[in-house]
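Coordinate-derived values only; no laboratory data. Note that the coordinates shown come from a computational prediction; the quantities given were computed from them, not determined experimentally. When we count neighbours, we look across all protein chains shown, and the Cβ atoms used for this are built from the backbone with ideal geometry, even at glycine.
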């Protein structure tokens, strides 16, 4: 992740979030989920996610020129970035819209809805799944992939043997996300949420990565999280020196290597199912 930003209020650095590192670690599981769910050429797919450009183009590659991708995001800046990326890389058959899922209008049902790191930021995830299912024709697919950030706090899935800088980061980041309304336990809740939304029991896949040795991109993953959550560092209760995003990846790498240990990325969980029966907007 490339540092960049501007000085914000109270002398705190405001940094633009760049999701490229997150997308790099998410892609293998996404591709597996798309294959398991049966996303094939010619399909029409609604895409939801915080990393809209990466996810939409990945789905577009799978559905091909005969298919269609509709990307939705509430932020105009994200949609503009997605449009520019699709145009620069020569993708056709992709349409991006600005808006909320609850206010979306489609002229016809889609074959699938694919969401990545979307539900964790929804106030009512089960309702969001119901809304998504309402846009899918009978027999269509629902696919969601989410982080389970809480896993960074579990002794078996955080660090080994002990990396104090990682522990401070994990406690602060999970607490900050939880306080801001992010569902830090979303990954392992997916099966229950699919059921609560009235969908058939989903299939599941997981991805769990170990970060070790010199030069791993994983150290940058944690630095990118700090940059995204940077405004919270303006709190006097936070160890601002230790959790300063500047050179955090290098400092974390040095401390991990010195301990002769390793770190874990948050657990990723994916779930998919088919929609049975019609109770949605096209019923």
Q.
Can you say what percent of the DSSP beta bridges in the chain, counting only those with both residues inside, are antiparallel? Round to 5.
A. 50 percent
Q: Specify the angular offset, from 0 to 90 degrees and rounded to the nearest 10, of the alpha carbon long axis of helix 218-228 from the longest principal axis of the alpha carbons in the chain.
A: 80 degrees
Q: Report the extension gain between residue 247 and residue 97 in nm, rounded to one decimal, defined as 0.36 nm multiplied by the number of residues separating them, less their alpha carbon distance.
A: 50.4 nm
Q.
Would you report the distance distribution of C-alpha pairs in the chain as whole percents per 5 angstrom bin, up to the bin with the largest distance?
A. 1, 6, 12, 16, 18, 16, 12, 9, 6, 3, 1, 0, 0
Q: Determine, for each peptide in 44-56, 86-98, 217-229, 248-260, the mean count of other beta carbons within 10 angstrom over its residues, then list the peptides with the highest first.
A: 44-56, 217-229, 248-260, 86-98
Q) Once the Cα atoms of helix 52-63 and of the chain are each reduced to a long axis, what angle between those two axes, in degrees from 0 to 90 to the nearest 10, is obtained? A) 40 degrees
Q. So what's the gap between the Cα centers of segment 65-101 and segment 33-47, to the nearest angstrom?
A. 17 Å
Q) Pairing the Cα long axis of helix 20-37 with the longest principal axis of the chain, what angle in degrees results, from 0 to 90 and rounded to the nearest 10? A) 40 degrees
Q: Sum -39500 (n - 2.57) across every DSSP H segment of at least 4 residues in the chain, then divide by the residue count to get the 222 nm mean residue ellipticity, nearest 500.
A: -11000 deg cm²/dmol
